[in-house]
Amino acid sequence: MMLNQLLYGVRRVFWIGLCVFASVSVAATHHATPIRIAVASNFATTLNTILTQYKKSHPQKVELIVSSTGKLFAQIQAGLNIDIFLAADKERPMKLFTESLEVDKEVYLYALGRLALWSNKEIGESVKAPTILHKARRIALAKPQLAPYGQAAQAVLKKWELWDILQSRYVFGENVQQVYQYMKTQNVEAAFVALSLVLRERSVQKSHYFKIPESWHPPIEQYMVRLTTRPEVQKIFNYLKSAEAKEVIIKDGYGVRK
């Protein structure tokens, strides 16, 4: 009798221990699976800052895929496994949101982009900007068909009636980050970039860039969409909507929804 009770106790402890080990193993594996986030190039540095803050209290492995909104969208539609997509426009996240409605998804306006004209000459006032462009031999902007910042730049050039006139001088980048690099390495004399990128470049004098008024181009509404339902994905998505994240976003030269 006592032997049977002893064996029962040993088996019970063994199974409890096995269950605890299995639970810990599943949790560890679940936690070790990286969250894959696709982000438009203009927002990559800002997102890194936000995630650094998040990881201080949530040690989660995150993998970033950075490119133009158009390329990321095409890759996701082709089967790229992504948990969260932060785009530089509204259209593409909304398309992903409305596809396969049986999957729980969430979409959110996380930032309002700002466009700037950066020149190696002093711009000062807005009236000087068209003259600066007339004198520039090479002008960089993102491809309008791929990047919302390129669409905004195209709208401004058309407003100034320069879009057709300066066609031979354009140097197109795949995304606004590449355009920024063209200007930083002095491969062009002027560039339409995200204001956030200029503000981050401490060597740029304020007189060498001009903040394009928002009314001069279609709004650069940057939306994000959650594409999977894992709890840890939801936690990061919620943090990206938080007051702490918005503080970083505003500091980096973006607007946010009030």
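The values are calculated or read from the model by the stated rules, or taken from the named source; none is laboratory data. As the structure is a prediction and not an experimental result, all values here were calculated from the model. Cβ sites come from the backbone with ideal geometry, for glycine too, and all protein chains shown count toward neighbours.
Taking the stretch 186-258 and the strands (runs of 3 or more DSSP E) fully enclosed by it, the elements with 1 or more residues that are polar (S, T, N, Q) are at 220-226. Of the residues making up the stretch 127-148, those that are closer than 18 Å to SER215 by Cα and touching a strand residue (DSSP E or B) at 6+ places or on another chain (Cβ under 6 Å) are ALA129, PRO148. Within the bounds of the stretch 161-171, is there any residue that is at pLDDT below 95 and either among the charged types (D, E, K, R) or on the phi < 0 side of the Ramachandran plot (or both)? No; the residues of the stretch 161-171 include none that is at pLDDT below 95 and either among the charged types (D, E, K, R) or on the phi < 0 side of the Ramachandran plot (or both). Pairs linking a residue in the stretch 165-193 that is without any contact (Cβ under 8 Å) to a residue 60 or more places away in the chain and charged (D, E, K, R) to a residue that is surrounded by fewer than 24 Cβ atoms within 10 Å (Cβ to Cβ) and not in a helix (DSSP H, G or I), with Cβ atoms under 6 Å and 6 or more positions apart or on different chains, are ARG169/ARG138.
None of GLN205, GLN222 is within 21 Å of the chain's Cα centre (by Cα) and among the polar types (S, T, N, Q) except GLN222.
Conditions tested, residue by residue: (1) touching a strand residue (DSSP E or B) at 6+ places or on another chain (Cβ under 7 Å); (2) assigned by TED's automatic domain parsing to the domain that holds THR46; (3) hydroxyl-bearing (Ser, Thr, Tyr); (4) surrounded by fewer than 16 Cβ atoms within 10 Å (Cβ to Cβ).
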| site | (1), (2), (3), (4) |
| --- | --- |
| GLY150 | yes, no, no, no |
| LEU157 | no, no, no, no |
| SER168 | no, no, yes, yes |
| LYS184 | no, no, no, no |
| ALA194 | yes, no, no, no |
| ARG200 | no, no, no, yes |
| SER203 | no, no, yes, yes |
| LYS246 | no, yes, no, no |
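Identify the residue in the stretch 6-62 that is outside any helix (DSSP H, G or I) and loosely packed, with under 10 Cβ neighbours inside 10 Å and, among all such residues, is modelled with the lowest pLDDT. Among those residues, the one meeting the criterion is PRO59. Just one of the listed residues (TYR223, TYR170, TYR209) is under 20 Å from ALA40 (Cβ atoms) and aromatic (Phe, Trp, Tyr), and it is TYR223.
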